[in-house]
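Trainee: I'd like to ask some things about the structure below.
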Amino acid sequence: MAEPQRPPESLPMRVVVNLVVAAIMLVPFVLVGAGAWLILQRQTGERVEAEVIGCDLDVGYKTSSQHCTARWTVDGVEHTGPIQGSGDQEVGRTVDATLRDGELYSRSLTLPLVLLGLGLPLLVLPFTWVRRRLRGARTTPAHP
């Protein structure tokens, strides 16, 4: 009995499917990379105490982001500028921060741990997919 043949996929559909798969496979690496970067920034540089002055919420068409401003002192000189990794819940508070290459980073572990906590379990997806593809390539006989 002959199997019914499936219609061949069109080239644009294959491209779209491959792009979606690639994007899904990259998400865990981006999450883990961002979390590791924030921890690196937290651990290296000069430690200072900064007062979070305020935060602005930028709302776009599909995205929103929060930018906070802080005030800190280095060698008796007061500086004001953006602080990375801080939120509106810290406005008016003094927080520990790291000053590195002119950028101020909050020493809070919340965001790096959330990124790592989401990214590390999701890394199973790309590794499992690659493993299955490699295993399938070994067991599939070559066509004459």
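The values are calculated or read from the model by the stated rules, or taken from the named source; none is laboratory data. Note that the structure is predicted; figures quoted are calculated from it, not measured. Backbone-built Cβ (ideal geometry, glycine too); neighbour counts: all protein chains shown.
Trainee: Within segment 95-116, restricting attention to residues that are surrounded by 15 or more Cβ atoms within 10 Å (Cβ to Cβ) and of a type in the set (A, V, I, L, M), which residue is farthest from residue 28 (Cα to Cα)? Steps first, answer last, please.
Mentor: Our first condition is that a residue be surrounded by 15 or more Cβ atoms within 10 Å (Cβ to Cβ); within segment 95-116, this holds for 95, 97-100, 104-108, 111-112, 115-116.
Those still in the list that are of a type in the set (A, V, I, L, M) too: 95, 97, 99, 104, 111, 115-116.
Values: 95: 30, 97: 27, 99: 28, 104: 26, 111: 15, 115: 9, 116: 9 Å.
The extreme case among them is 95.
Trainee: Which one is nearest to residue 95 (Cα to Cα), of the residues in segment 31-65 that are in contact with a Lys or Arg (Cβ under 8 Å, 6 or more places away or on another chain) and of a type in the set (A, V, I, L, M, F, W, C)? Outline the logic, then answer.
Mentor: We begin by selecting, within segment 31-65, every residue in contact with a Lys or Arg (Cβ under 8 Å, 6 or more places away or on another chain); these are 41-42, 44-47, 50-53.
Now narrow it down to the ones that are of a type in the set (A, V, I, L, M, F, W, C): 50, 52-53.
Details: 50: 5, 52: 7, 53: 11 Å.
Result: 50.
Trainee: Separate question: Report yes if residue 63 is of a type in the set (Ser, Thr, Tyr) and surrounded by 11 or more Cβ atoms within 10 Å (Cβ to Cβ), otherwise no.
Mentor: Values: of a type in the set (Ser, Thr, Tyr): yes; surrounded by 11 or more Cβ atoms within 10 Å (Cβ to Cβ): no.
It is false that residue 63 is of a type in the set (Ser, Thr, Tyr) and surrounded by 11 or more Cβ atoms within 10 Å (Cβ to Cβ).
Trainee: Filter segment 95-113 down to residues that are more than 14 Å from residue 52 (Cβ to Cβ) and among the β-branched types (Val, Ile, Thr) and give me whichever is modelled with the lowest pLDDT.
Mentor: First, pick out the residues of segment 95-113 that are more than 14 Å from residue 52 (Cβ to Cβ): 98-103, 109-113.
Next cut, among the β-branched types (Val, Ile, Thr) only: 98, 110.
Details: 98: 90, 110: 84.
Checked segment 95-113; the qualifying residue modelled with the lowest pLDDT is 110.
Trainee: From the list 105, 61, which residue is among the aromatic types (Phe, Trp, Tyr) and within 17 Å of residue 41 (Cα to Cα)?
Mentor: Working: 61 fails: within 17 Å of residue 41 (Cα to Cα).
None of the others qualify; the one that does is 105.
Trainee: Any idea which of 92, 119 is modelled with pLDDT of 85 or more, surrounded by 13 or more Cβ atoms within 10 Å (Cβ to Cβ) and either closer than 17 Å to residue 32 by Cα or of a type outside the set (Ser, Thr, Tyr) (or both)?
Mentor: Numbers: 92 fails: surrounded by 13 or more Cβ atoms within 10 Å (Cβ to Cβ).
Criteria check complete, one pass: 119.
Trainee: Only residues that are out of contact with any Gly (no Cβ under 8 Å at 6 or more places or on another chain), closer than 22 Å to residue 45 by Cα and either of a type outside the set (Ser, Thr, Tyr) or free of Cβ contacts under 8 Å to residues at least 12 places away in the same chain (or both): list them for segment 82-101, please.
Mentor: 82, 83, 84, 85, 87, 90, 93, 95, 96, 97
Trainee: Turning to a different aspect of this structure: What are the pairs with Cβ atoms under 7 angstrom where one residue, in segment 105-120, is in a loop (DSSP other than H, G, I, E, B) and the other, located anywhere, is surrounded by 14 or more Cβ atoms within 10 Å (Cβ to Cβ)? Sequence gap at least six, or different chains.
Mentor: Matching pairs, first to second residue: 107/42; 107/97; 107/98; 108/85.
Trainee: State whether the residues of segment 23-42 include one that is touching a helix residue (DSSP H, G or I) at 6+ places or on another chain (Cβ under 9 Å), farther than 18 Å from residue 115 by Cβ and not small (Gly, Ala, Ser).
Mentor: Scanning segment 23-42, I find no residue that is touching a helix residue (DSSP H, G or I) at 6+ places or on another chain (Cβ under 9 Å), farther than 18 Å from residue 115 by Cβ and not small (Gly, Ala, Ser), so the answer is no.
Trainee: Look through 26, 40, 11 and report the one residue that is loosely packed, with under 10 Cβ neighbours inside 10 Å and hydrophobic (A, V, I, L, M, F, W, C).
Mentor: Details: 26 fails: loosely packed, with under 10 Cβ neighbours inside 10 Å; 40 fails: loosely packed, with under 10 Cβ neighbours inside 10 Å.
Sole residue among the options that is loosely packed, with under 10 Cβ neighbours inside 10 Å and hydrophobic (A, V, I, L, M, F, W, C): 11.
Trainee: Out of 74, 16, report the one residue that is over 27 Å from residue 122 (Cβ atoms) and of a type in the set (Val, Ile, Thr). Give the steps one after another, and end with the answer.
Mentor: Working: 16 fails: over 27 Å from residue 122 (Cβ atoms).
On inspection, the qualifying residue turns out to be 74.
Trainee: Report, ordered by the first and then the second residue, all pairs with beta carbons closer than 8 Å, sequence separation of six or more or different chains, a first member in segment 46-59 that is over 19 Å from residue 72 (Cβ atoms), and a second member that is outside any strand (DSSP E or B) and of a type outside the set (Lys, Arg).
Mentor: From residues that are over 19 Å from residue 72 (Cβ atoms), the pairs are 57/88.
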